[in-house]
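*Asks:* Before we start, here is the structure in question, set down as structure tokens.
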Amino acid sequence: MLDHAPVSPDAEQDAKGRPAFGTGFARPPYRFAKPLSDPLGGTSKNKGRHPVKMHEAAPPEDAPAHIVELLYGNLHLMDATLRLYGHPGLLAVAKAVLGPDFVPYNEVTFIKEPGLGPSVAWHRDGTTHWNAPDWNHGAHGFNFMTQLYPSTAGNGVWILPGSHKLGRDKVDIRKMVNDAGSERIADAIPLLCNAGDAFMLNRQMVHGSFANSSPDRRVTLNAGFFPRARVQDVR
């Protein structure tokens, strides 16, 4: 996938001059960002759920202008990700948590190249059910996050434990950052694991990742699941 990526966001050729993959797709499979940048924090993107901008370090002088940070549409891009999505062990866990009537959601690949990978500002994934009369701790489902490389404090996702149990009005990310004096908010911890491990993360958890200035690459296959009742007739 990366070998056949467009050489830049608007290019139709890859780095070897071949036609880039996916240029005819309704939704281009590659999302680009500037190295070590924060493309979401402090913007209105994703319904404004990333309220605070993360620190942006200066990239190396030889860094490219843009790098691939995300692949959209895992299940039709790579056969291996389709097979992983249907792994009976993972699906058994989804059934145990959500009940037998669950649905898939949000299949993407996060790519954090060493010394270049951009940050993902602090946020919570859920946007649709905070005011639902039957809101609960699992109202926005969860994500499986399978790691192809070791997840470290430098390249990995950080979370605020217990924050998935708090309603929307009880979490103020801006205040957390202001109180901490930086984006290193108090009580946050990194998700650490070996290559091949999978995390299971509640989508209501406050989480984010810093720009990857470390020497360690991270590639995460993200696979989300919802109770069907939470997506039925919801836009």
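The values are calculated or read from the model by the stated rules, or taken from the named source; none is laboratory data. Given the structure is predicted, the values throughout are model-derived calculations rather than measurements. So basically every Cβ, Gly included, is an ideal-geometry build from the backbone, and we count neighbours across all protein chains shown.
*Asks:* So which of F110, F142 is closer than 19 Å to F226 by Cβ, of a type outside the set (K, R) and touching a strand residue (DSSP E or B) at 6+ places or on another chain (Cβ under 6 Å)? Break it down stepwise before answering.
*Replies:* On the way: F110 fails: closer than 19 Å to F226 by Cβ.
One residue alone meets the criteria, F142.
*Asks:* Also: Of all residues in the stretch 47-58, which are surrounded by 13 or more Cβ atoms within 10 Å (Cβ to Cβ) and either under 22 Å from Y105 (Cα atoms) or among the hydrophobic types (A, V, I, L, M, F, W, C) (or both)?
*Replies:* Looking only at the stretch 47-58, we keep the residues that are surrounded by 13 or more Cβ atoms within 10 Å (Cβ to Cβ), and these are 49-57.
R49, H50, V52, M54, A57, listed by residue number.
*Asks:* The conditions are (1) part of a helix (DSSP H, G or I); (2) among the acidic types (D, E); (3) at pLDDT below 95, and D233 fails exactly one of them. Which is it?
*Replies:* With (1) part of a helix (DSSP H, G or I); (2) among the acidic types (D, E); (3) at pLDDT below 95 applied to D233, the lone miss is (1).
*Asks:* So if I check each of T128, T109, T146, which one is in a loop (DSSP other than H, G, I, E, B) and either closer than 30 Å to F32 by Cα or at pLDDT below 95 (or both)?
*Replies:* Values: T109 fails: in a loop (DSSP other than H, G, I, E, B); T146 fails: in a loop (DSSP other than H, G, I, E, B).
Going through T128, T109, T146 in turn, the sole match is T128.
*Asks:* Moving on. Please indicate, with yes or no, whether at least one residue in the stretch 185-208 is in contact with a Ser or Thr (Cβ under 8 Å, 6 or more places away or on another chain), of a type in the set (D, E, K, R) and more than 15 Å from R49 (Cβ to Cβ).
*Replies:* yes
*Asks:* Select from the stretch 73-86 the residues that are surrounded by 17 or more Cβ atoms within 10 Å (Cβ to Cβ) and either at pLDDT 95 or above or not aromatic (F, W, Y) (or both) and write down the one among them that is nearest to F199 (Cα to Cα).
*Replies:* L84
*Asks:* Within the stretch 1-24, is there a residue that is under 17 Å from the mean Cα position of the chain (by Cα), in contact (Cβ under 8 Å) with a residue 12 or more places away in the chain and not in a loop (DSSP other than H, G, I, E, B)?
*Replies:* The first filter runs over the stretch 1-24 and keeps only residues under 17 Å from the mean Cα position of the chain (by Cα), leaving none.
The answer is no, given that none of the residues of the stretch 1-24 is under 17 Å from the mean Cα position of the chain (by Cα), in contact (Cβ under 8 Å) with a residue 12 or more places away in the chain and not in a loop (DSSP other than H, G, I, E, B).
*Asks:* Test D134 against the stated conditions and say whether it is surrounded by fewer than 19 Cβ atoms within 10 Å (Cβ to Cβ), modelled with pLDDT of 95 or more and among the acidic types (D, E). Quick ask: steps written out before the conclusion?
*Replies:* Values: surrounded by fewer than 19 Cβ atoms within 10 Å (Cβ to Cβ): yes; modelled with pLDDT of 95 or more: no; among the acidic types (D, E): yes.
Against the criterion (surrounded by fewer than 19 Cβ atoms within 10 Å (Cβ to Cβ), modelled with pLDDT of 95 or more and among the acidic types (D, E)), D134 does not qualify.
*Asks:* Out of the stretch 90-113, which residues are under 17 Å from the mean Cα position of the chain (by Cα) and on the phi < 0 side of the Ramachandran plot?
*Replies:* Of the residues in the stretch 90-113, the ones under 17 Å from the mean Cα position of the chain (by Cα) are 104-113.
Matches in the stretch 90-113: P104, Y105, E107, V108, T109, F110, I111, K112, E113.
*Asks:* Six or more apart or on different chains, Cβ under 7 Å: which pairs go from a residue in the stretch 53-65 that's under 12 Å from L40 (Cα atoms) to one that's loosely packed, with under 15 Cβ neighbours inside 10 Å? Could you list them?
*Replies:* As it stands, the answer is K53/G42, since those pairs meet every condition given.
*Asks:* Within the stretch 29-65, which residues are in contact with a Ser or Thr (Cβ under 9 Å, 6 or more places away or on another chain), among the basic types (K, R) and part of a loop (DSSP other than H, G, I, E, B)?
*Replies:* R49, K53
*Asks:* Where in the stretch 156-212 are the strands (runs of 3 or more DSSP E), entirely inside, with at least 3 residues that are touching a strand residue (DSSP E or B) at 6+ places or on another chain (Cβ under 7 Å) and free of Cβ contacts under 8 Å to residues at least 12 places away in the same chain? Before you say what the answer is, go through the steps one by one.
*Replies:* Details: elements: 157-159, 198-202, 207-209.
It comes to none.
*Asks:* Still on this structure: (1) at pLDDT below 95; (2) surrounded by 17 or more Cβ atoms within 10 Å (Cβ to Cβ); (3) over 24 Å from I173 (Cα atoms): which one isn't true of E61, the others all being true?
*Replies:* (2)
*Asks:* Another question about this same structure. Can you find, within the stretch 87-106, the residue that is surrounded by the fewest Cβ atoms within 10 Å (Cβ to Cβ) among those that are in a loop (DSSP other than H, G, I, E, B) and out of contact with any helix residue (DSSP H, G or I) (no Cβ under 9 Å at 6 or more places or on another chain)? Break it down into steps so the answer makes sense when it comes.
*Replies:* Residues of the stretch 87-106 in a loop (DSSP other than H, G, I, E, B): 87, 99-101.
Still in the list and also out of contact with any helix residue (DSSP H, G or I) (no Cβ under 9 Å at 6 or more places or on another chain): 87, 100.
Working: H87: 14, P100: 8.
This residue is P100.
*Asks:* Identify, from the list P35, P6, the residue that is buried (at least 19 other Cβ atoms within 10 Å of the Cβ) and more than 29 Å from R203 (Cα to Cα). Steps first, answer last, please.
*Replies:* On the way: P35 fails: more than 29 Å from R203 (Cα to Cα).
Only one candidate passes the filter, namely P6.
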